[in-house]
Amino acid sequence: MSDIRSKVHESFEDMISWRRDFHRHPELSNEEFRTSDKIEELLRSFGCDSVERPRPTGVVALIKGEKPGGCVALRADIDALPVTENTGLAFSSENEGVMHACGHDTHAAMLLCAAKVLCGMRSELQGTVKLIFQPAEEKAPNGGAKPLIEAGVLENPTVDAIMALHISPGGPKVGSFSVYNGIATTAFDLYNIEVNGQTAHGSQPHRGHDAILAASQFVVTAQQIVARRINPVKTAIVSVGLINGGEAVNIIPSHVRMEMVCRTYGEEAREIIRDQIMKIAHGIEEYSECRLDVEHIEGYSSVENDPRLISIADEAVTEELGEGYMDYLDEPLSFSEDFGRYGQAAGVPSLFMLLNAGYLGIAPYSLHDSRCTFQEEALEYGVTAMVATAKKILSKLPKAGSGS
């Protein structure tokens, strides 16, 4: 067993107790007060160099190495979901209707364990490790990363690279890591469209401005964005999922409300969609004489994995755990993740990997499912990878003075 893994193993039972405590007491986005209090208390007990609460339910800590260098951040999300648990676990949620169905209890516990181990490794660290316990990852479209970034979490010291793990049920091998080289998750934006026309009797349509007809033209034309404006090798989705309008079958409708979601991999297609939606809305306004008010709500950015960080992680994982623990995905992930804010949105080189954690019972249930479970032994592998990768990033990507 490697030196780092041995240190992680020594704290394994503590980590499991923290995980189970968080699991019993899940808290929804921006309500993680008990969770944050416990995290802060433990970080202070480990001897972190500083522990702060830049947001009411967010905790950030620093561990300064004895050697000068840069700063690498490790991020864990800590909020739960409005799901009624159905796992049958002995430590099931005691908060009715709330569950850590996305595994954020394991993320918080792993980062706490990493903090404890790293506090005992200062002599080996070339720079500073910043620990970010982020609330409200599940609070789409705004999320918890943006307010933390606005509060300066990527500064003082400046973060040179950032890493996160996300636990995943099933997988090729318990304790292995799945990673995609490049843009790994979708970005998404929401659009709320209000169409306002003029009512008229159905027998005299020329006296009105038909909001439903204008809305229909918008829906059909919006599909042409992907068909004719997006590079065919790029993935993009434009979906109108909600339409409400009309008053009676014999009345020309004066109002329609639509809600639309657009998903892309990366920023290029995302910007094209934004531009085209506004142009389409303006064009339909001119033709239909209805007014189209478009509200754009920016969602999460894509997570883009830095190839050099992937290489460093591969080297660190192989050194600590052996061959066969890095699984390279052929396709990117179909979901969105607030972690993208730190990378594409804030410009910090980032690394996002899935920790394959198996399952308990007869079948793996997906994240967000009330029956989702994991094998806790995977957490030891996750912490080992985080600590080893953070240490190696600092040794390979130092920036003089930024971590002092």
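With protein chains left intact and a 1.4 Å probe, residues in the stretch 112-186 average 28 Å² of accessible area per residue. Taking every alpha-carbon pair in the stretch 166-240 and binning the separations at 10 Å intervals from zero gives 13, 26, 21, 18, 11, 7, 3 percent.
Across the alpha-carbon set of the stretch 216-256, the Rg to Rh ratio works out to 1.17, Rh being the Kirkwood radius. Here's how it looks for residue 200: its modeled amide H is under 5 Å from those of 252, which are all 5 or more places away or on a different chain. When the alpha carbon coordinates of the stretch 288-374 are projected onto the principal axes, the ranges are 66, 38, 21 Å, largest first. Under a 5 Å amide H cut-off, with hydrogens placed 1.01 Å from N, residue 326 pairs with 177 among residues at least 5 apart or on other chains.
The simple spin-label model puts a point 7 Å past each Cα toward its Cβ; for residue 296 and residue 279 those points are separated by 1.3 nm.
Comparing Cα centroids, the stretch 26-104 and the stretch 243-302 end up 38 angstrom apart.
Taking amide H positions as placed 1.01 Å from N in the peptide plane, with prolines and chain starts having none, which residues 5 or more places from residue 59, or on another chain, fall under 5 Å of its amide H? Excluding prolines and chain starts, which carry no amide H, the hits are 133. For the chain, the share of alpha carbon pairs falling in successive 20 Å distance bins from zero is 26, 49, 20, 4, 0 percent. Summing +1 for each Lys or Arg and -1 for each Asp or Glu among the other residues whose beta-carbon sits under 15 angstrom from that of residue 120 gives 0.
Seen from residue 139, the other residues with C-beta closer than 9 Å to its C-beta sum to a net charge of -4, counting Lys and Arg as +1 and Asp and Glu as -1.
Taking the centroid of alpha carbons for each part, the stretch 170-193 and the stretch 374-396 are 19 Å apart. Less than 9 Å Cβ to Cβ from residue 320, Lys/Arg counted +1 and Asp/Glu -1: what total charge do the surrounding residues give? Counting the neighbours of residue 320, the net charge comes to -1.
Temperature 20 °C, viscosity 1.002 mPa s: under these conditions the Stokes-Einstein estimate for the stretch 1-140, based on its Kirkwood radius over C-alpha pairs, is 139 µm² per second. Approximating the spin labels as points 7 Å out from Cα along Cα→Cβ, the residue 229-to-residue 203 distance works out to 4.2 nm.
In units of the rule-of-thumb radius 2.2 N^0.38 Å, the stretch 149-207 shows an alpha carbon radius of gyration of 2.43.
The Cα-based radius of gyration of the stretch 67-206, divided by its Kirkwood radius, gives an Rg/Rh of 1.16. Helical runs assigned H by DSSP (4 residues or longer) give the chain a calculated mean residue ellipticity at 222 nm of -10500 deg cm²/dmol, each run adding -39500 (n - 2.57) before division by the residue total. The order of the peptides 184-194, 381-391 by mean Cβ neighbours within 10 Å, most packed first, is 381-391, 184-194.
Compute the label zone of residue 41 within the stretch 86-113: residues whose backbone N is under 20 Å from the point 7 Å along Cα-to-Cβ. Answer for the stretch 86-113: 91-95, 105-113.
The values are calculated or read from the model by the stated rules, or taken from the named source; none is laboratory data. None of the values given here were measured: they were computed from a predicted structure. Heads up, the Cβs are rebuilt from the backbone with ideal geometry, glycines too, and the neighbour counts pull from every protein chain shown. Side chains are part of the model used for accessible areas, which takes the heavy atoms of the whole protein and leaves out ligands, DNA and RNA. Shrake-Rupley method; radii C 1.70, N 1.55, O 1.52, S 1.80 Å.
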